[in-house]
Amino acid sequence: MSDCVLVINAGSSSLKYSLVDASTGTSVAGGLVERIGESNGLLRHRGPDGESEREQRIESHDDALRAVLRAFASEGPSLDDIELAAIGHRVVHGGDRFADPVLIDDELIKAVTELIPLAPLHNPANLEGMEVAQRIFPDLPQVAVFDTAFHQTLPEHAYTYAVPAAWKEDHRVRRYGFHGTSHAFVSGEAARLLDREPAEVNVIVLHLGNGCSATAVRGGQSVDTSMGMTPLEGLVMGTRSGDLDPALHAHLHREVGWSLEEIDRVLNRESGLKGMAGENDFRELMKLVDAGDAAATLAFEVYCYRIRKYVGAFYAALGRVDAIAFTAGVGQHSPRMREQVLGGLEALGIRLDTDRNQDDSQEARVVSAEDSPVAVMVIPTNEEWEIARQSLGVVRAQK
Ligand code: AMP
């Protein structure tokens with residue numbers, strides 16, 4: 001058997017997949033099925049001979065995975081030759097039940113189903129992906145890797161909201177945090193770049209993509225994170241507001257007459273950079289900033305200022321910080337954002353190196369000055385590899 005794991009990320013109308021060699025992190029092949037349930041479904045497959053694209057009707061996730069298998073058979077690599085070790089599924093919400101990856105069985109499916117109220121958009125799609133893959137690959141071990149699991153080490157004072165105590169017990173109201181797979185991977189890589197054991201280092205990880213979150217990692221364990229009971233809390237994101245006054249819902253409901261559903265929709269889909277400047281794609285936003293657009297300039301400032309505040313908060317939470325690691329689309333590729341977030345923080349031991357910060361390499365790297373007490377890093381995240389690695393770990397532990 002190989003070390004290859006097929007990593008599956010099933011969304012409500014999409015299915016992303018990557019065939020990953022868990023020992024090296026190489027993605028041997030991968031792709032994306034989009035518009036599941038529509039007549040013009042689209043499958044993009046990347047194999048050894050490059051990329052292919054085909055449009056076809058894809059009724060369901062079952063159809064989607066079967067189309068993926070046909071692409072593997074016709075364009076390679078052949079899954080029969082590879083002998084998969086496992087299938088790893090990204091699952092968004094594990095509540096407080098799952099602190100580790102878990103082998104998928106009926107009990108696990110039941111538990112993830114019970115967690116649907118906490119992630120009504122994501123968990124049903126993830127379940128669909130798991131059920132379909134079990135049907136199509138009945139003999140392969142399948143593992144669920146939860147986006148929340150890494151944050152299960154949060155101390156009680158960091159995950160408790162100051163609301164009636166019974167809400168936690170009765171309604172599962174608490175901070176869970178998300179992007180855990182990315183924060184786990186990047187904090188591990190940060191320790192590796194420092195040439196130290198993860199248990200020895202404290203890292204602030206800034207995952208800045210379409211969704212954004214910050215995590216304080218002490219000795220390899222998440223001790224605080226900016227996303228909360230849902231992924232709406234914390235940093236400013238492409239279309240999500242992040243932190244706000246919790247009285248806002250009541251105010252808008254009472255004064256403007258909007259329903260809670262409408263307010264929730266706007267805060268998740270029409271807010272953040274998009275709400276402030278009409279543009280959620282960071283690259284496009286920066287073009288507007290360069291053209292002198294006042295709304296875009298303000299949105300950029302609000303976005304960076306919020307990150308800066310979290311850096312300060314998590315610095316205090318950790319007491320000592322060895323590294324600050326930027327990752328995901330914006331984190332990896334915007335030197336201007338990194339400068340705006342960390343500029344002027346020399347008193348905290350944070351000194352960016354202007355030239356290193358400008359360098360747009362794809363490698364994990366240090367972008368702070370040689371003498372900076374806190375290392376600032378840019379680390380490409382690799383959630384697929386982390387899922388593959390954790391899945392393989394679970395399978396090996398069974399043997
Ligand atoms: P992700 O969710 O990690 O794919 O990140 C998506 C975000 O990263 C989008 O807002 C993109 O505009 C942004 N992004 C991707 N590449 C760049 C780049 N070269 N410079 C600035 N932002 C980028």
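Just so you know, all these numbers are worked out from the coordinates, no wet-lab data involved. The structure presented is a predicted model; accordingly, all values stated were derived computationally and were not measured. So basically every Cβ, Gly included, is an ideal-geometry build from the backbone, and we count neighbours across all protein chains shown.
Of the residues that sit in segment 348-397 and are among the basic types (Lys, Arg) and assigned to a helix (DSSP H, G or I), which one is nearest to the ligand (Cβ to nearest atom)?
Taking segment 348-397 and keeping what is among the basic types (Lys, Arg), we get 351, 356, 365, 389, 396.
Filter again for assigned to a helix (DSSP H, G or I), leaving 356, 389, 396.
On the way: 356: 17, 389: 20, 396: 30 Å.
Per the criteria, the residue is 356.
Results for (1) surrounded by 15 or more Cβ atoms within 10 Å (Cβ to Cβ); (2) of a type in the set (Asp, Glu), shown as yes or no for each residue.
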| site | (1), (2) |
| --- | --- |
| 29 | yes, no |
| 42 | yes, no |
| 54 | no, no |
| 59 | no, yes |
| 64 | yes, no |
| 76 | yes, no |
| 88 | yes, no |
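For residue 307, which of the numbered conditions (1) within 12 Å of the ligand (Cβ to nearest atom); (2) closer than 12 Å to residue 206 by Cα fails to hold?
With respect to (1) within 12 Å of the ligand (Cβ to nearest atom); (2) closer than 12 Å to residue 206 by Cα, residue 307 is out only on (1).
May I ask you to verify whether residue 242 is more than 30 Å from residue 197 (Cβ to Cβ), without any contact (Cβ under 8 Å) to a residue 40 or more places away in the chain, within 15 Å of the ligand (Cβ to nearest atom) and not aliphatic (A, V, I, L, M)?
On the way: more than 30 Å from residue 197 (Cβ to Cβ): yes; without any contact (Cβ under 8 Å) to a residue 40 or more places away in the chain: no; within 15 Å of the ligand (Cβ to nearest atom): yes; not aliphatic (A, V, I, L, M): yes.
No.
Looking only at segment 258-316, count every residue that is of a type in the set (Ser, Thr, Tyr), surrounded by 15 or more Cβ atoms within 10 Å (Cβ to Cβ) and not in a helix (DSSP H, G or I) and tell me the total.
1
Using the structure shown, decide if residue 339 is surrounded by fewer than 21 Cβ atoms within 10 Å (Cβ to Cβ), within 25 Å of the chain's Cα centre (by Cα) and either within 16 Å of the ligand (Cβ to nearest atom) or assigned to a loop (DSSP other than H, G, I, E, B) (or both). Break it down into steps so the answer makes sense when it comes.
On the way: surrounded by fewer than 21 Cβ atoms within 10 Å (Cβ to Cβ): yes; within 25 Å of the chain's Cα centre (by Cα): yes; either within 16 Å of the ligand (Cβ to nearest atom) or assigned to a loop (DSSP other than H, G, I, E, B) (or both): yes.
Yes; evaluated as a whole, the condition is true for this residue.
Yes/no matrix, rows are residues, columns are (1) crowded, with 21+ Cβ neighbours inside 10 Å; (2) under 21 Å from the mean Cα position of the chain (by Cα):
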| position | (1), (2) |
| --- | --- |
| 107 | no, no |
| 117 | no, yes |
| 120 | no, yes |
| 132 | no, no |
| 137 | no, no |
| 143 | yes, yes |
| 151 | yes, yes |
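So if I check each of 143, 203, 217, which one is touching a residue at least 24 places away in the same chain (Cβ under 8 Å), away from the ligand (no atom under 16 Å from the Cβ), touching a Leu at 6+ places or on another chain (Cβ under 7 Å) and aliphatic (A, V, I, L, M)?
Values: 203 fails: touching a Leu at 6+ places or on another chain (Cβ under 7 Å); 217 fails: touching a Leu at 6+ places or on another chain (Cβ under 7 Å).
Answer to the selection: 143.
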